[in-house]
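Presented below is the structure to which this report refers.
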Amino acid sequence: MRRASGPDATMRILRDLPTLRAELASLGPVALVPTMGALHAGHLSLIAAARREVGPGGVVAASIFVNPLQFLPGEDFDRYPRQEEADLAMLAEAGCDLAWLPSVETMYPPGQASTIIVEGPAQGWEGTARPGHFRGVATVCAKLFLQTGASVALFGEKDWQQLQVIRRMARDLDMPLRILGCPTLREADGLAMSSRNRYLDPEARARAAALPGAMRAAIEAMARGTSPAAALATARAGLTASGFTLDYLALVEPETLLEVPAPPGRLIAAARLGSIRLLDNMAA
Ligand code: PAF
């Protein structure tokens, strides 16, 4: 077993399933933060929330696994940022007890024939833009839950639809754990933190905050009595004028992701700046 070299030198770094199981058998309840690495402050806030969930006697575990099953052909699987050493140092510093870093072969041994398909909240929006993506997310999350025996798993609300898909899967399959959503962390200008923000060149980065800005303006306009259709149309036009190509901007029921005609709901958006796709969502 390797040890981390960060300030908390006791963080366990595990890569094979028998050792993970043996380690966890003797430890307390597990709070799991699944990640694909390239960590930022949003991930670290999940580690802090995980500690609050299990307390000092429990185990805060984070997985780092860039999951090939959730990337479509032609997406950024090969160039997805990988920075293992820096990620491990951040996790150790944040007080994580255990880092789980399976290889692709460990996660998907040759001959794997089973995957999980969620319907309902997985349909539409990202489900339409990225067919098969949620099958990959659901399958890897189910495997991570079983591998770690977590009693709670924590996810950022930034990927709102993903959170609803995982919740629904856990509920439908009677998985014995709680799924906890945690608030999106934002940069000073309002841009939601994301590992993929590093793909933005300086010019695109400067424009990117127009997305949350337009969403907030639409929510405020609806609260003042502007019709949802007019508020969303204004936001769409503004974003297009700012150089975004909008995949969707829609007001949905928060759990089912079905469109609703008026607040309350969740305003969800996906928009591209050049080749970079940004997601965001807000309570409306
Ligand atoms: O949100 C992510 O980083 C990933 O989709 C997840 C939940 C870790 C599954 O690979």
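The values are calculated or read from the model by the stated rules, or taken from the named source; none is laboratory data. Quick caveat: nothing in here was measured; it's all calculated off a predicted structure. Reconstructed Cβ throughout: ideal geometry from the backbone, glycine too, with neighbour counts over all protein chains shown. Protein only, heavy atoms only, side chains kept; ligands, DNA and RNA dropped before computing areas. Shrake-Rupley method; radii C 1.70, N 1.55, O 1.52, S 1.80 Å.
The portion of the accessible surface of the range 116-184 made up by carbon and sulfur, rounded to a whole percent, is 54 (1.4 Å probe; DNA, RNA and ligands excluded). Under the criterion of Cα pairs below 8 Å and six or more residues apart, the relative contact order for the chain equals 17 percent.
Relative contact order, whole percent, for the range 132-284 stands at 18, derived from Cα pairs under 8 Å and 6 or more residues apart.
Phi angles across the range 176-191 convert, under the Karplus curve 6.51 cos²θ - 1.76 cosθ + 1.60 with θ = phi - 60°, into 3J(HN,Hα) values of x, 8, 9, 10, 10, x, 10, x, 5, 8, 10, 6, 4, 8, x, 5 Hz, Gly and Pro given as x. Entry comment: accessible area of the range 54-107 is 42 Å² per residue, from protein heavy atoms only and a probe of 1.4 Å.
Tally the DSSP beta bridges in the range 1-131 and give the antiparallel ones as a percent, rounded to 5.
On the way: 2 of 14 bridges.
That works out to approximately 15 percent antiparallel.
Of all DSSP bridge pairs formed entirely within the range 151-284, close to 75 percent run antiparallel.
Amide hydrogen proximity for T184: with H placed 1.01 Å from N in the peptide plane, the residues at 5 or more positions away or on another chain lying under 5 Å are E157, K158. Magnitude of the charge dipole for the range 177-284, about its Cα centre and with charges confined to Cβ atoms of Lys, Arg (+1) and Asp, Glu (-1), is about 160 debye. Each peptide among 169-178, 70-79 gets the average number of other Cβ atoms lying within 10 Å of its residues, and from highest to lowest they stand as 169-178, 70-79. Positive end of the dipole of the chain (Cβ unit charges, origin at the Cα centre): among I268, V59, L146, the Cα lying farthest that way belongs to I268. When Rg and the Kirkwood radius Rh are both evaluated on Cα atoms of the chain, their ratio Rg/Rh stands at 0.98.
Expressed as a whole percent, the accessible area of the range 31-75 that falls on carbon and sulfur atoms is 61 (1.4 Å probe).
Amide H contacts under 5 Å for L246: R272, restricted to partners 5 or more places along the chain or on a different chain, H placed in the peptide plane at 1.01 Å from N.
In the range 187-284, a dipole from Cβ-located charges (positive for Lys and Arg, negative for Asp and Glu) runs towards its positive end, and of A284, A218, T245 it is T245 whose Cα lies farthest in that direction. For the chain, a crude dipole built from +1 on the beta carbon of Lys and Arg and -1 on the beta carbon of Asp and Glu, taken about the Cα centre, is about 120 debye to the nearest 20.
Assigning unit charges at the beta carbon (Lys, Arg +1; Asp, Glu -1) and nothing else, what dipole magnitude in debye, to the nearest 20, does the range 95-181 show about its Cα centre? Intermediate results must be reported in sequence, preceding the final value.
On the way: 8 positive and 8 negative charges, 21 e Å.
Charge dipole of the range 95-181: 100 debye, to the nearest 20.
State the antiparallel share, in %, of DSSP beta bridges confined to the chain, rounding to the nearest 5. Expressed as a percentage, antiparallel bridges in the chain total about 50.
Entry note, the range 103-209: relative contact order of 22 percent, from Cα contacts under 8 Å with a spacing of 6+ residues.
Residues in the range 12-19 carry Karplus couplings, in order, of 7, 10, 10, 10, 10, 5, x, 5 Hz; the curve used is 6.51 cos²θ - 1.76 cosθ + 1.60 with θ = phi - 60°, and Gly or Pro positions show x. Sorting W100, W160, W125 by accessible area puts them as W125, W160, W100; the probe is 1.4 Å, largest comes first, and only protein heavy atoms count. Of the listed residues R168, R236, R52, the order by accessible area with a 1.4 Å probe, largest first, is R52, R236, R168. When the Cα positions of Q83, H40, Q123 are compared along the charge dipole of the range 28-127, H40 comes out farthest toward the positive end, with charges on each C-beta of Lys, Arg, Asp and Glu.
Computed 3J(HN,Hα) for the range 226-236, one whole-Hz value per residue from the Karplus formula 6.51 cos²θ - 1.76 cosθ + 1.60 where θ = phi - 60°, is 5, 5, x, 4, 5, 4, 6, 5, 4, 4, 4, glycine and proline marked x. Annotation: per residue accessible area for the range 130-183 equals 37 Å², rounded to a whole number [probe 1.4 Å, protein chains only].
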